[in-house]
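Structure first, commentary second.
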Amino acid sequence: MPMQQETADDLIRKIFALQRTLRCVTQHSADHGGPGVALQGVMRMIGEDGELRATELAAKLGIGPAGLSRHVAELEELGYVRRRPHPQDRRAYLISLSELGESVLHDAMKNRAAVLQEALAAWSEDQARLAAETIGSLSDSLFTSIRRAPGTPGRTPETSESYPQEQTAK
């Protein structure tokens, strides 16, 4: 049976509430000396793949080439990423984290995990795993649905067929 309108409305409200709460928690726990939250997100996506084309990264992030170019240029200037020409396609380049970028990202993720563990100290391991599984499934379903929609920015033939899975086991 399809989802009822009331359930969809409630889910939307709860997703927006979670988004606002996460933004507040992230800003509160951010290392103001390192890359900002947005750049950390870009770094995490790069780190998951090790090395990827700019077009693949833009599709994963759901942003256009100009936005990605600004993020990558800033990360490169800070020494967190490196670019190299794509060996088979002279028009493209491959992006990867530098050693410094890997270290900074590792520290940021460790800090975020500690903040989350403290905030959810009353949760059992089973509750946390169930939440991770449910949020991962929701994210996968929404991403797949949106990426397959015609006219979606960043949509490419490869993104309309497959979704680069989040690594929920980490």
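Descriptive notes on the structure:
- Annotation note: of 82, 70, 13, the sole residue that is open to solvent by 60 Å² or more (accessible area, probe 1.4 Å), free of Cβ contacts under 8 Å to residues at least 40 places away in the same chain and in contact with a Ser or Thr (Cβ under 6 Å, 6 or more places away or on another chain) is 82.
- Restricting the first member to the stretch 103-129 and to residues that are touching a residue at least 40 places away in the same chain (Cβ under 8 Å), and the second to residues that are in a helix (DSSP H, G or I) and surrounded by 12 or more Cβ atoms within 10 Å (Cβ to Cβ), the beta-carbon pairs closer than 6 Å and six or more apart or on different chains are 105/43; 105/47; 108/40; 115/29.
- Exclusive hit being over 19 Å from the mean Cα position of the chain (by Cα), loosely packed, with under 13 Cβ neighbours inside 10 Å, of a type outside the set (Ser, Thr, Tyr) and closer than 26 Å to residue 8 by Cα, set 138, 130: 130
- No other residue among 83, 53, 90, 44 is farther than 30 Å from residue 120 by Cβ and in contact with a helix residue (DSSP H, G or I) (Cβ under 7 Å, 6 or more places away or on another chain) apart from 83.
- Tally of residues being part of a helix (DSSP H, G or I) and of a type in the set (Gly, Ala, Ser) across the stretch 45-103: 10
The values are calculated or read from the model by the stated rules, or taken from the named source; none is laboratory data. Keep in mind that this is a model prediction, so the values were computed, not measured. Counting neighbours? That spans all protein chains shown, and the Cβs are built from the backbone with ideal geometry, glycine included. Keep in mind that these areas ignore ligands, DNA and RNA; they rest on the heavy atoms of the full protein, side chains included. Shrake-Rupley method; radii C 1.70, N 1.55, O 1.52, S 1.80 Å.
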